[in-house]
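Working notes for the structure below.
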Amino acid sequence: MMDFIIQLAIILVCLFYGARKGGIALGLLGGVGLVILVFIFNLPPGKPPVDVMLVIIAVVSASATLQASGGLDVMLQIAEKLLRKNPKYISIVAPLVTCTLTILCGTGHVVYTILPIIYDVSIKNNIRPERPMAASTIGSQMGIIASPVSVAVVTLVAMLGNVTFNGKHLEFLDLLAITIPSTFIGILAIGIFSWFRGKELDKDQRFQDFISIPENHDYVYGDTATLLDKKLPMKNWVAMWIFLGAIAVVAVLGAFSELRPVFNNKPLSMVLVIQMFMLLAGASIIIICKTNPSLISKNEVFRSGMIAIVAVYGIAWMAETMFSAHMKEIEAALGQLVREYPWAYAVVLLLVSKFVNSQAAALAAIVPLALGIGIDPAYIVASAPACYGYYILPTYPSDLAAIQFDRSGTTRIGRFVINHSFILPGLIGVTVSCIFGWVFAAMYGFL
């Protein structure tokens, strides 16, 4: 038992230190833990999540190619038109827009470009910017578990591919049929809450005192941020439709397994299907739209995706090594508790997500453990939105970006750090999504 406690402490130290350093350090610190576990404690090394990593590479390559081609600019321009058409409802529309962009692109990092526009629309219409700004960053991250091309979704599908639910296998679209509607309902709950949060700008004395200085007034209201004055070439539109077309094909093949080739009496795995069509989408964009391949590896989508690969690689391999060696002790300590109180799994997943600042890494670390101790796989699917917990502390780049883009100062970190602009929208959104995740899982016969 003492060995288990010491090894668990080592894992937690690696997670905390890696998360604190940020970026690729999280995955590399997993290597430190691995060496200690294998060479000092003599634990047999677990299996690295190779399938998951290959899917991430394919998806990130296609998404980064979309950005390099200008196809992402088309999506952002359409989003801006929608926001400026409905300024009164921006607290509801903005998080729905950022969530949808994430679902289509597979990464929440698309929010950076749209945040200045959200701020501009809100401040020019005398709407407290904190309302749509905080809601939008939360919405952009919640959309990850509802995206057919996100790292988190393909990670979960890969790990549950061979698991049986009441006599049937979880298909790709089965998961999305639960996570997409539950996510949008959670986003709607955030929007309704945000519509009424905080003081109106004309009644916020702190804000009024700030803009009473002419220089601050000019800074707050500033120049208009817009993408509408950009004329985008046709090749950008073609790139977008190629990418969306590939997603549509993946969705159809996931829904109708009979359309997939059969090998050894089994339809081709969706994990392989996703890889093939994402690579095809990226290649098609390069060939048809004449995209410069050298630009692909230099953009934010590619960089963040490669960091995710290393994080999943190091963290998941370290966790698999430790947990598989102590599965009996973990089963004895936690198995009965989680079986009696299934919601406890969601709480654990939420907290681990905060530690590692990655939904995919949290799933890669916790789902194999949950399956190993006998948790009903249906609980894992129903609680999937709980993999987003890194809003608990305002340290994630999208949250910090929202604070910087909000020149009014209404989106902020409170005196006690935990009382920041993102904590309530995050708790409301994830809680509501998990509740409806259970509802939809029950409706579709998984629970």
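Overview of results
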read-out: Reach of residue 235 by Cα under 17 Å, taken over lysines that are not fewer than 8 positions away in the same chain; value: 290
read-out: The range 258-319-the range 6-73 distance, computed between alpha-carbon centres (Å); value: 17 Å
read-out: Cα gyration tensor shape of the range 216-328, rounded if a/c is under 1.5, else prolate or oblate by comparing a/b with b/c; value: oblate
read-out: Violating pairs (Cα-Cα greater than 29 angstrom) within the set 124/298; 266/354; 85/199; 85/298; value: 124/298; 266/354; 85/298
read-out: Förster radius 25 Å - calculated FRET efficiency between residue 442 and residue 258 (Cβ-Cβ, nearest 0.05); value: 0.40
read-out: Label-point separation, residue 4 to residue 404 (7 Å along Cα→Cβ), nm; value: 4.4 nm
read-out: The chain, relative contact order [Cα under 8 Å, separation at least 6], %; value: 27 percent
read-out: The range 1-444: C-alpha pair distances exceeding 31 Å, %; value: 42 percent
read-out: Accessible-area composition of the chain, carbon plus sulfur, in percent [1.4 Å probe]; value: 67 percent
read-out: Cα Rg, Dmax (largest Cα-Cα span) when computed across the range 60-185, Å; value: 16.3, 56
read-out: Rounded FRET efficiency, nearest 0.05, which uses the C-beta distance separating residue 200 from residue 244 and R0 of 35 Å; value: 0.35
read-out: Sum of -39500 (n - 2.57) over DSSP H runs of 4+, divided by residues of the chain (222 nm, nearest 500); value: -21500 deg cm²/dmol
read-out: Using a Förster distance of 30 Å, the FRET efficiency for residue 251-residue 347 (Cβ separation, nearest 0.05); value: 0.45
read-out: Contour minus Cα-Cα distance for residue 412 and residue 219 (0.36 nm per residue); value: 67.8 nm
read-out: Computed accessible area, residue 279, all protein chains, 1.4 angstrom probe, square angstrom; value: 100 Å²
read-out: Tilt relative to the chain, helix 151-160 - C-alpha long axis, 0 to 90 degrees, to 10; value: 20 degrees
read-out: Label-zone membership for the range 41-79, site residue 237, 7 angstrom Cα→C-beta point, backbone N under 12 Å; value: 74
read-out: Principal-axis tilt of helix 423-443 within the chain, Cα atoms, nearest 10 degrees; value: 50 degrees
read-out: Average accessible surface area per residue within the range 1-444, 1.4 Å rolling probe, Å²; value: 43 Å²
read-out: Where labels lie 7 Å past Cα in the beta-carbon direction, separation of residue 82 and residue 329 in nm; value: 5.0 nm
read-out: Compactness of the range 12-74, expressed as Rg and Dmax over alpha-carbon positions, Å; value: 16.8, 53
read-out: Nearest-ten-degree value, helix 359-372 long axis tilted from longest Cα axis of the chain; value: 30 degrees
read-out: Reachable lysines, given that their alpha-carbon falls under 19 Å from the alpha-carbon of residue 328 and they are not under 8 places away in the same chain; value: 47
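The values are calculated or read from the model by the stated rules, or taken from the named source; none is laboratory data. Bear in mind that the values here come from a model prediction, so they are computed numbers and not experimental data. Reconstructed Cβ throughout: ideal geometry from the backbone, glycine too, with neighbour counts over all protein chains shown. For the accessible areas, the whole protein counts, side chains as well, though only heavy atoms, and no ligand, DNA or RNA atoms are used. Shrake-Rupley method; radii C 1.70, N 1.55, O 1.52, S 1.80 Å.
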